[in-house]
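Take a look at the structure below.
The values are calculated or read from the model by the stated rules, or taken from the named source; none is laboratory data. Remember, it's a predicted structure, so these values are computed and weren't measured experimentally. Quick reminder, even Gly has a Cβ in these numbers, built from the backbone with ideal geometry, and neighbours come from all protein chains shown.
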Amino acid sequence: MLHEAIRSRLKSIRFVATDLDGTLTVDRQSHLIPPETIAALSLLREHDVKVVVVTASGFPIALGVSRYLGVYAVIAENGCVRARVEPQASSDILVECRESFRWLAREVARACSEYLRESWQNEYRRCDFALVPKGPVDQRSLVEKVKEIVSSLGLEDRVKVSTSGYALHLTPVECSKRGSLLKLLEEEGASPREVLGIGDSLLDVEFVSSCGVSVAVANADEELRKAVHIVTKAPSGYGFLEIAKAIVEARRAR
C-alpha cells in the first residue's frame, strides 16, 4: 500500500528515469526483456510519460536498445554520454567527459588479469570503460584493488572506480548518472520532483534518490532498497510494470 504523500507525487510524474540491466530485463542475470516491460513502456507512452534510460552500458548499445523500446532519451556510460532517441542526429549526442581513459582499462586488465577482463563493449565506449570479473568474486574488494592502481598512477582525482554488480567501471570524475539526468531535465523545463527514478544496483542510488519519487525493484541491492520511497513487490522488469501501473492509476485519479 502506497503512502498517500507518495501517491500524490505520482500524479505529477512526467518522466520515468530507469536503469536498464536488472530493471527492465527479466532478472539481474539476464539481458532478455520480458513482455511485461514492453507493456509498461507502451502504457507510459499512452499517458504521455516520457521514459529516459539511465545505464552504465556503452552508448551505441544503449541507444540501439532504446530505439527499439521506444523511449524518449538515453543516458549511457554512467552519465558520460546522452541523447534524445528520436529524431536522432550526430549533433544531438552530448559527451560530458573531458578525456577518455581507454588506456587505463587496458592497464588495469593486465595488472588484474587473474580476476578481470575488459568488457567486449569497451571497443564501442567513449568515456566510461568496464572490466568484467572472470568468475565469482567479491567485486567490492576488487574495486579497492583497482583504486590502488588508479592512485599509483596519480589519477585518483580524475577517475572514479565503481561496481554495478555486473562489472567494474572506470568513469571520469566529472560524469555521473545524476548530473546528466539533471542537465536533461533542465533542457526539458522539468523539475526532479516530476521524475520517478527506478533501478536495481548500487550505481543507481545517486540518480534515483534525486528524483521526486524513488523506486527500487524487489531484487535490488540492499543499499538502494534502503534509500528509496518504494520497493516493488515484483523483481526487475515485472516490478517496472508494477510501478508503471501505479503511475497511470494515480494520474487517472487527478
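Per-structure values
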| item | result |
| --- | --- |
| Verdict on R67 being within 17 Å of the chain's Cα centre (by Cα) and outside the structural domain of T163 (by TED's automatic domain parsing) | yes |
| Criterion violated by Y115 - all others in (1) among the aromatic types (F, W, Y); (2) farther than 22 Å from Y68 by Cβ; (3) without any contact (Cβ under 8 Å) to a residue 24 or more places away in the chain satisfied | (3) |
| All positions within segment 93-126 that are aromatic (F, W, Y) and assigned to a loop (DSSP other than H, G, I, E, B) | F101, Y115, Y124 |
| Cβ-Cβ under 8 Å pairs, at least 6 apart or on other chains, segment 140-156 side over 13 Å from Y115 (Cβ atoms), far side basic (K, R) | E156/K147 |
| Those residues of segment 1-27 which are assigned to a loop (DSSP other than H, G, I, E, B) and either at pLDDT below 90 or under 11 Å from E194 (Cβ atoms) (or both), in sequence order | M1, L2, H3, K11, S12, I13, R14 |
| Pairs, first touching a residue at least 40 places away in the same chain (Cβ under 8 Å) and of a type in the set (V, I, T) in segment 15-34, second buried (at least 24 other Cβ atoms within 10 Å of the Cβ) and assigned to a loop (DSSP other than H, G, I, E, B), C-beta under 7 Å, six or more apart | T18/L24; T23/D200; T23/V217; I33/L24 |
| Scope segment 113-134; condition aromatic (F, W, Y) and more than 17 Å from the chain's Cα centre (by Cα); matching residues | Y115, W120, Y124 |
